[in-house]
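Colleague: Sharing a structure with you now.
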Amino acid sequence: VQLQASGGGLVQAGGSLRLSCTASGRIFAINFMGWHRQPPGKERELVARINRDGSTLYADSVKGRFAISRDNDKNTVDLEMNSLKPEDTAVYYCYIRQPPTIYWGQGTLVTVSS
C-alpha cells in the first residue's frame, strides 16, 4: 500500500490550502483515513480523521477551520484548510488504517506566514 500526498505550500495567514492524499496498491478494507501534522520541534499530532461511514474527528485547534472528506471509490482523503494561522505550519502526513496496519504518506510541508 502506498499513499501519495499533495497540496502543501506557502500561504499567508488567513489563506487557504487543500491537501489531497491517494492510497494505492492492495486496498480492500480501509476503515479510517486522516491527517496528522508535525510542527517544527514538536511531536506529531492528530489533525482530523474520517471513518468509512463519514463520521469525523478534529483536533480542537482546527475545528471550524478545517474540513476533511474522503472518496471511498477513489481511496482518497482531502483536507480543506481555511483561515490558516502561523501555528498551522507543519509537515502534514496522511494515513489510512486497513486492519491491522496503519499506513503513512511521505508528508507535505505547509508553511503559513504572518
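Colleague: In the stretch 60-80, which residues are outside any strand (DSSP E or B), of a type outside the set (Gly, Ala, Ser) and open to solvent by 20 Å² or more (accessible area, probe 1.4 Å)?
Modeller: Asp60, Lys63, Arg65, Asn72, Asp73, Lys74, Asn75, listed by residue number.
Colleague: Could you list, in sequence order, the residues of the stretch 25-59 that are basic (Lys, Arg) and open to solvent by 40 Å² or more (accessible area, probe 1.4 Å)? Quick ask: steps written out before the conclusion?
Modeller: Step one: list which residues in the stretch 25-59 are basic (Lys, Arg), which gives 26, 37, 42, 44, 49, 52.
Across the stretch 25-59, the qualifying residues are Arg26, Lys42, Arg44, Arg49, Arg52.
Colleague: Ok, one more. Kindly list, by first and then second residue, each pair from a residue in the stretch 5-26 that is on the phi > 0 side of the Ramachandran plot to a residue that is among the small types (Gly, Ala, Ser) and in a strand (DSSP E or B), limited to pairs with Cβ atoms under 7 Å and residues at least 6 apart or on different chains.
Modeller: Pairs that qualify, where the first residue is on the phi > 0 side of the Ramachandran plot and the partner is among the small types (Gly, Ala, Ser) and in a strand (DSSP E or B), are Gly7/Ser20.
Colleague: Working only within the stretch 81-106, note down all residues that are under 21 Å from Leu10 (Cα atoms) and surrounded by fewer than 16 Cβ atoms within 10 Å (Cβ to Cβ).
Modeller: Asn82, Ser83, Lys85, Pro86, Glu87, Gln106
Colleague: So Gly14 passes all but one of these: (1) within 14 Å of Tyr93 (Cβ to Cβ); (2) not in a strand (DSSP E or B). Which condition number does it fail?
Modeller: (1)
Colleague: Any residue in the stretch 3-24 that is modelled with pLDDT of 95 or more, open to solvent by 70 Å² or more (accessible area, probe 1.4 Å), in contact with a Pro (Cβ under 9 Å, 6 or more places away or on another chain) and among the charged types (D, E, K, R)?
Modeller: Scanning the stretch 3-24 turns up no residue that is modelled with pLDDT of 95 or more, open to solvent by 70 Å² or more (accessible area, probe 1.4 Å), in contact with a Pro (Cβ under 9 Å, 6 or more places away or on another chain) and among the charged types (D, E, K, R).
The values are calculated or read from the model by the stated rules, or taken from the named source; none is laboratory data. As the structure is a computational prediction, the values presented were derived from the model and not from experiment. Quick reminder, even Gly has a Cβ in these numbers, built from the backbone with ideal geometry, and neighbours come from all protein chains shown. Heavy atoms of the whole protein, side chains included, go into the accessibility calculation; ligands, DNA and RNA do not. Shrake-Rupley method; radii C 1.70, N 1.55, O 1.52, S 1.80 Å.
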